[in-house]
Amino acid sequence: MKAILPSSLNPEVHSGNIQNLGLIHIIDYTVNDIPNKPEKYLIVTKCQPVSPALEAEIKSEVKTAGSAFSATGIVLKPKQETVAKSAAQIVHEQHQNATRTERKAVSRRVNPLVSLNPYQGNWTIKVSVTSKGNMHTYKNARGEGCLFNVELTDEDGTQIQAKMFNEAARKFYDKFVLGKVYYISKGTLKVANKQFKTVHNDYEMTLNDYSEVEEVADEAGFVPATKFSFVQIDQLGPYVNKNELVDIVGVVQNVSSTMSIRRKSNNETVPKRDITIADDTKKTVVLSLWNDLATNIGQELLDIADQSPVVVIKSLKVGDFNGVSLSTVSRSVVLINPDIPEVKKLRCWYDSEGKEAAMASIGAGSRPAATYGNRSVYSDRVLLSHITSNPSLGDAKPAFFSIRGYISFIKSDQAMWYRACKTCNKKVTESIGAGYWCEGCQKNDDQCNLRYIMIVKVSDASGEAFLSIFNEEAEKIIGCSANELDNLRSQDGEDSPYQMKLKQATWVPHLFRVSVTQNEYNNEKRQRITAGSVVPVDFATESRLLLQDISKMGVSQ
């Protein structure tokens with residue numbers, strides 16, 4: 001039978017490991033019909049060399065006894081310096097010398113992840129656990145349950161997400177260990193939900209309580225290949241606030257010092273470092289490194305920042321801070337100047353023309369300008385119901401509108417401000433001795449400023465919605481700074497000046513320029529509406545707009 005080897009085995013052929021008349025062990029294969037060919041072909045997807053070539057002696061005619069039949073044939077005989085062994089003997093000796101686990105692994109047929117599909121029957125995969133999620137509980141109409149998921153990577157670098165529910169989740173949660181290798185079989189596949197998938201695969205796997213998961217011992221040499229699916233900086237918009245992670249290659253333009261950020265969830269302080277990268281689209285984006293990546297890789301980048309190194313980062317979260325931003329997650333991998341074609345191409349471009357090119361931030365084109373004129377709050381005018389009744393708004397990229405409404409409610413006991421550095425306005429932390437420490441400025445100050453970060457309810461004739469409002473715009477609404485409002489808050493009384501100040505800010509009409517994005521909370525997507533500009537209502541301008549709308553209706557006199 002004729003066979004076809006994949007191009008990935010070319011190095012084995014060129015090195016002489018696979019050669020004419022040599023012996024190979026075919027591990028994985030399919031038998032297919034080739035168009036315009038009468039016979040079937042063996043498509044070899046994975047194999048390994050067993051022995052070098054045997055000496056061949058070709059005879060033009062081989063006659064059988066008692067017959068005039070002749071045919072061309074090949075007679076194999078061993079090289080003189082070696083003992084004659086058949087192929088079966090060679091395989092048998094290797095089988096005897098191998099350990100029990102190795103013999104079992106050789107006899108087991110493993111399918112590559114790329115070959116799996118929902119219509120396939122029995123399959124077995126050999127994969128490493130490259131990410132493991134926490135156990136979550138849920139409650140719906142059918143009752144309560146638990147689930148968790150893992151990301152699996154095979155030797156070729158192909159990834160797939162596997163989910164387990166209830167009994168299967170409890171059965172396999174402790175069995176799956178990050179970094180270990182497993183044989184997995186008897187799972188099911190279905191088309192992946194694009195909203196929740198975190199790897200580049202059209203399918204996702206579900207493991208049930210009857211699925212088989214077997215740990216592979218002594219597999220330190222099993223190192224999954226790293227595959228990249230690069231997204232250019234100017235194409236990041238559709239990934240904002242999505243679950244899907246992206247891979248990026250860029251030239252480092254700037255590296256900040258390390259900052260300490262305090263988490264709201266557990267009050268834990270974690271290190272963070274921002275770097276700015278650019279690519280051949282002449283766009284830049286800010287990338288936040290967290291935890292060990294900030295302290296280790298970040299420091300290495302800071303030391304060689306003047307050389308403009310090229311970085312490759314796998315698995316980045318795309319956020320909407322400053323329009324578009326990038327952030328590492330627990331599974332992110334950062335490589336500095338790796339030897340891959342994409343890095344060489346980008347380095348060539350940067351050295352030849354990119355170094356002198358004018359760069360623009362990708363966020364500048366994805367959000368409205370920082371300063372809003374009166375004209376901007378009168379464009380794209382909609383009712384609140386247009387936003388709240390359309391849950392998909394802001395899904396692909398941030399959407400911007402103008403609305404006119406009243407602030408109907410301000411929750412008085414919310415955290416309405418944060419402590420900020422008087423120089424850079426970044427968040428500060430209380431020093432152990434005295435004063436406030438700013439990681440951005442790397443200095444300690446005796447005093448700090450309070451800056452608004454508040455949630456208000458806005459209403460119009462069609463409905464209501466909650467808006468996030470920040471310092472400068474919040475000062476226009478409240479009528480005083482956060483420092484002044486904090487002083488009023490300390491004054492007691494039934495009709496305290498603090499409560500009166502908030503009351504005076506409600507039921508006053510405003511024009512809002514807002515951005516609409518999608519955030520995910522507990523695997524549920526929610527709209528986030530942020531006010532970028534707040535201005536008082538100009539009734540003369542509003543009247544002119546109403547007259548224009550009436551004239552467009554073609555009302556007869």
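Read the figures in this text as sums done on the coordinates, not as results from a lab. Since the structure is predicted, the reported quantities are computational estimates derived from the model, not experimental observations. Please note: Cβ atoms are built from the backbone with ideal geometry, for glycine as well, and neighbour counts cover all protein chains shown.
The peptide list 385-394, 318-327, put in order of mean Cβ contacts within 10 Å with the highest first, becomes 318-327, 385-394.
With viscosity 1.567 mPa s and temperature 4 °C, the Kirkwood radius over alpha carbon pairs of the range 429-557 converts through Stokes-Einstein to a diffusion coefficient of 70 µm²/s.
Taking amide hydrogens as placed 1.01 Å from N in the peptide plane, the amide H of S408 sits under 5 Å from those of K457, V458, S459, W507, each at least 5 positions away in sequence or on another chain.
What are the GluC sites (Glu not before Pro) within the range 244-302 that DSSP puts in a loop, where the Cβ has at most 13 other Cβ atoms within 10 Å?
Numbers: sites: E244, E268, E300; in loops: E244, E268.
Of the GluC sites (Glu not before Pro), the ones in loops of the range 244-302 whose Cβ has at most 13 other Cβ atoms within 10 Å are E268.
If you take all other residues with their beta carbon under 10 Å from the beta carbon of S408, and give Lys and Arg +1 and Asp and Glu -1, the sum is -1. Phi angles of the range 383-392 translate, via the Karplus equation with coefficients 6.51, -1.76, 1.60 and θ = phi - 60°, into HN-Hα couplings of 8, 4, 5, 5, 7, 6, 8, 10, x, 7 Hz per residue; Gly and Pro are given as x. Beyond 31 Å in Cα-Cα separation lie the following of the pairs K37/K314; K190/K317; K132/K194; K163/K314: K37/K314.
Within 10 Å of each candidate Cβ there may be at most 11 other Cβ atoms; applying that plus a DSSP loop requirement, which chymotrypsin sites (Phe, Trp or Tyr not before Pro) in the range 197-262 survive?
Values: sites: Y203, Y210, F222, F228, F230, Y239; in loops: Y210, F222, F228.
Sparse-neighbourhood loop chymotrypsin sites (Phe, Trp or Tyr not before Pro): Y210.
Taking 1 over the mean of 1/r across every pair of different Cα atoms in the range 113-221, what Kirkwood radius in Å do you get?
14.3
Put a dot 7 Å past the Cα of N390, heading toward its Cβ, do the same for K476, and the two dots end up 2.4 nm apart.
With each label modelled as a point 7 angstrom along the Cα→C-beta vector, the E244-T541 pair spans 3.9 nm.
Around the amide H of I18, modelled in the peptide plane, lie the amide H atoms of V13, all under 5 Å away and 5 or more residues distant in sequence or on another chain.
Residues whose amide H falls under 5 Å from that of A3, counting only those 5 or more places apart or on a different chain, are L42, with hydrogens built in the peptide plane. Sequence-ordered 3J(HN,Hα) estimates for the range 230-235 from the Karplus curve with 6.51, -1.76 and 1.60 and θ = phi - 60° stand at 6, 10, 6, 4, 6, 10 Hz, glycine and proline given as x.
The Cα atoms of the range 399-488 cover 53, 32, 19 Å along the three principal axes, with the biggest extent listed first.
So if R0 is 41 Å, what FRET efficiency would H25 and N208 give, r being the distance between their Cβ atoms, rounded to the nearest 0.05? With a Förster radius of 41 Å, E is 0.80. Any idea what log10 I(q)/I(0) is at q = 0.14, 0.16 Å⁻¹ for the range 383-426, Debye with uniform C-alpha scatterers and no solvent? With no solvent term, the Cα-only Debye profile gives -0.68, -0.80.
Looking at the range 416-504, the DSSP beta bridges with both ends there are about 100 percent antiparallel.
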